[in-house]
Amino acid sequence: MLAFAALGCGKREARHEVHVTDSTRAHDLTPSDTLLRTSPSHPTAPQVGKSDSLINAIAPKVRAWAAMWGKAAPGFVPESLFFAGSAPALRKGYIQPLKNIYPPTEEGPTFKVLGADSPDGRYKLVFDWYQHIGEDSGEIEIGEEADSAPLLLDFQRGISNHFEGCGTPCGYHWGVWLSPTSFVLAGWVEGDAAGKWKQGKITIYSIGDSTATTYVTRFVPLEAYARYRDAWGDWVSTRYRALVKSGELDPTP
């Protein structure tokens, strides 16, 4: 847990934010970057590598999501990310009484499969409560609305915080708690208006100081992103079946 103590501390080593360019010069690219020559915007700052203590501290915790994104970008590891900035968070969400949201009526599987409880049990993070997860004739179905939004449920204060949200240009897929007051949300961002490029995104939230620190991947073409989406679907199905087997999830409507 000591490794994550820095999450709520304002004194971190200096980082360079990602800056993007509208075009990519071929002589700036390595052979593995060839596909990125037509990318709409491409990070020019160096990858964090081993120099970012925050990413290196959380790397073991985000292996599952990194493996999924690795299907879109072979060889991807958390150290391949680019720092994209820090900003205030969790302060201007839509807050309502917990009883209006929890326990869920129809979306119980979504709250279970796409949810994670904080280590001390005070909070529940729901990665995207606009998803619908169910089972039909033995097949796991994942239905999503155009919008995507996570929830932070606070059982001690009795409130629900709809603290982020977006429409079609992005989505929230996965999350994990790092400590009782810090968590990760990971997903994707649209790269262009035509939807031909996608970018992975991972954000570390600190409840203690209400901040969010974001990192992004290189852009990948749509066909590569589809491999990530399939891997995420497999992860959802595996998690659903494991919860049913353990008795934590009742598959009946």
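Here 74, 78, 88 are screened, and the one residue that is free of Cβ contacts under 8 Å to residues at least 12 places away in the same chain and of a type outside the set (D, E, K, R) is 74. The residues listed here are 118, 86, 80; of these, the one that is out of contact with any Phe, Trp or Tyr (no Cβ under 8 Å at 6 or more places or on another chain), surrounded by 17 or more Cβ atoms within 10 Å (Cβ to Cβ) and under 30 Å from residue 159 (Cα atoms) is 86.
Against the list (1) free of Cβ contacts under 8 Å to residues at least 12 places away in the same chain; (2) farther than 29 Å from residue 251 by Cα, the condition residue 139 fails is (2). Going by the structure shown, is residue 114 among the aliphatic types (A, V, I, L, M) and touching a Ser or Thr at 6+ places or on another chain (Cβ under 9 Å)? No.
Residue 43 meets the stated requirement of being buried (at least 17 other Cβ atoms within 10 Å of the Cβ), at pLDDT below 95 and under 21 Å from residue 223 (Cα atoms). Scanning segment 142-168 for residues that are closer than 16 Å to residue 122 by Cβ and in a strand (DSSP E or B) yields 151, 152, 153, 154, 159, 160, 161.
For residue 109, the conditions (1) exposed (fewer than 13 other Cβ atoms within 10 Å of the Cβ); (2) closer than 27 Å to residue 243 by Cα all hold with the exception of (1). Quick check on my filter: what residues within segment 169-215 are of a type in the set (A, V, I, L, M, F, W, C) and more than 16 Å from residue 89 (Cβ to Cβ)? Hits for segment 169-215 are 174, 176, 188, 189, 193, 194, 197. Only residues that are buried (at least 19 other Cβ atoms within 10 Å of the Cβ), aliphatic (A, V, I, L, M) and either in contact with a Cys (Cβ under 7 Å, 6 or more places away or on another chain) or not in a strand (DSSP E or B) (or both) were counted across segment 169-228, and they come to 1.
All conditions in (1) touching a Phe, Trp or Tyr at 6+ places or on another chain (Cβ under 8 Å); (2) buried (at least 17 other Cβ atoms within 10 Å of the Cβ) hold for residue 155, with the sole exception of (2). Residues in segment 127-162 that are in contact with a Pro (Cβ under 7 Å, 6 or more places away or on another chain) and farther than 14 Å from residue 102 by Cα: 127, 128, 133, 134, 135. Would you mind stating whether residue 163 is in contact (Cβ under 8 Å) with a residue 24 or more places away in the chain, of a type in the set (Phe, Trp, Tyr), under 18 Å from residue 119 (Cβ atoms) and in contact with a Gly (Cβ under 8 Å, 6 or more places away or on another chain)? When the stated conditions are applied, residue 163 does not pass them. Residues of segment 114-121 include at least one that is within 18 Å of the chain's Cα centre (by Cα) and assigned to a loop (DSSP other than H, G, I, E, B).
The values are calculated or read from the model by the stated rules, or taken from the named source; none is laboratory data. No experiment lies behind these values; they were computed from the predicted model shown. Neighbour counts run over all protein chains shown; Cβ positions are idealised from the backbone, glycine included.
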